[in-house]
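Heads up: the structure comes next, in structure tokens.
Throughout, read-outs are computed from the coordinates displayed, never taken from laboratory work. What you are looking at is a predicted structure, and each value in this text was computed from that prediction instead of being measured. Cβ placement follows ideal geometry from the backbone for every residue including glycine, while neighbour counts extend to all protein chains displayed.
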Amino acid sequence: MLYVDGNWVKTGEAVIQPEDRGYNFGDGIYEVIRVYAGVLYQWDEHIARLYRSAEGINLTLPWSKAELRAISEELLRRNALQTSDGIVYLQISRGVAPRQHDVPANPLKPVITAFARQKARPVQELQHGITAALVPDLRWLMCDIKSLNLLGAVLAKETAKKAGANDCILHRDGIVTECSAANLFAVKQGELYTHPATNLILHGITRQTIISLAAKNGIGVHEVAFDTAFVQSADELFLTGTVSEIMPIVKLDGVPVGNGEIGSLVKRLQALFEAEIFASATAT
Ligand code: PDD
């Protein structure tokens, strides 16, 4: 069951208007929330970011945070996911209007589309790592807004896959930003490096969790810009995201990262992150 514009509908029976601005212009925002053992993980952080994204595109959300939580929990219930690992996807478009670029003077009724599905943790990849390719970052300059405009990310990932890699590491004129749907960390001499939380990256919730866990555990973190040569000579690389968690990158452009094995720091961070997940799933 999905929740579409105020109605509970079966998959395949949802009606999307051809002139929904989300559909025509990517004029909308979204969130992907992890569900562990039926519990919405880091709900407050995701929903706060959804409101920030809405503000970033001058969109006033007509739902309270509590209403959005009730919809998300109802999605889990209606899809029998109360004890499963999965995701909830919340998308809000500006609304439906005859297609023209101008944002209508009178606010439209935003259209919400939400679904939940089972999704296992990527255990194999977490243990063995994935491969990446450096790809130019051709996305827009408001990457801190989680907008529906994902074509830049989609095409960059496609370029990486055609080059035989699992994902891309994006760079703007040589400065490394993030990955297609995750943030990037490099490890040098036991310390972490990641792009600062500017308009050039999404301010990932998993990224922030790792920064906090590192701080609590005496691991140095540098939120600084670094270039492609830096990642090419990193001891370890990993990406962070709601779906991918703390994912080691073991090869970059066909060249082993560090000694080609999963690094010791990423393993430590994976363990700390897992402890957080289990703590949150059992606390609720
Ligand atoms: N993507 N950077 C980008 C470009 C992203 O799309 C995402 C998340 C992240 C990681 O953010 P977080 O840790 O808050 O999930 C970083 C989601 C999962 C997606 O689009 O499917």
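Descriptive notes on the structure:
- Working note: 222 nm ellipticity from helices only, DSSP H runs with n ≥ 4, each -39,500 (n - 2.57), summed and divided by the residues of the chain, gives -9500 deg cm²/dmol to the nearest 500.
- Its residue count N fixes a reference of 2.2 N^0.38 Å for region 171-284, and the Cα radius of gyration divided by that reference is 1.03.
- For the residues 141, 126, 81, a GNM of the chain with alpha-carbon springs under 10 Å puts the largest fluctuation on 141.
- What the Cα convex hull of region 174-215 gives, in volume per residue, is 75 Å³.
- Coordinate range along principal axes, alpha carbons of the chain, Å, largest first: 55, 43, 32
- Highest GNM mean-square fluctuation among 156, 54, 80, for the chain modelled with Cα contacts below 10 Å: 80.
- Pair residue 264, residue 173: separation of 7 Å Cα→Cβ label points (nm): 4.0
- For the chain, the relative contact order comes to 18 percent (Cα pairs under 8 Å, sequence separation of at least 6).
- Separation between Cα centres of region 45-78 and region 165-187, rounded to whole Å: 28
- For region 26-133: relative contact order, % (alpha-carbon pairs under 8 angstrom, 6 or more apart): 32
- Between 0 and 90°, nearest 10: helix 65-78 axis offset from the chain longest Cα axis: 90
- Spatially, region 220-284 and region 80-137 are offset by 23 Å when compared through their Cα centroids.
- Restraint check, 65/157; 109/157; 65/109; 65/267; 109/161; 10/161, Cα-Cα greater than 28 Å: 65/157; 109/157; 65/267; 109/161; 10/161
- Taking region 142-284 and dividing mean pair separation by its residue count, relative contact order in percent (alpha carbons under 8 Å, at least six apart): 21
- Computed over region 67-128, Kirkwood Rh from alpha-carbon pairs, angstrom: 14.4
- If you run the Gaussian network model on the chain, springs between alpha carbon atoms under 10 Å, then out of 106, 259, 183 the most flexible one is 106.
- Dividing the convex hull volume of the alpha-carbon atoms in region 33-83 by its residue count gives 69 Å³ per residue.
- Cα coordinate range in region 112-247, projected on the principal axes (Å, largest first): 42, 34, 29
- Just so you know, the Cα atoms of region 1-156 work out to an Rg and Dmax of 16.7, 52 Å.
- In nm, spacing of pseudo-spin labels at residue 67 and residue 163 (7 Å Cα→C-beta vector): 4.5
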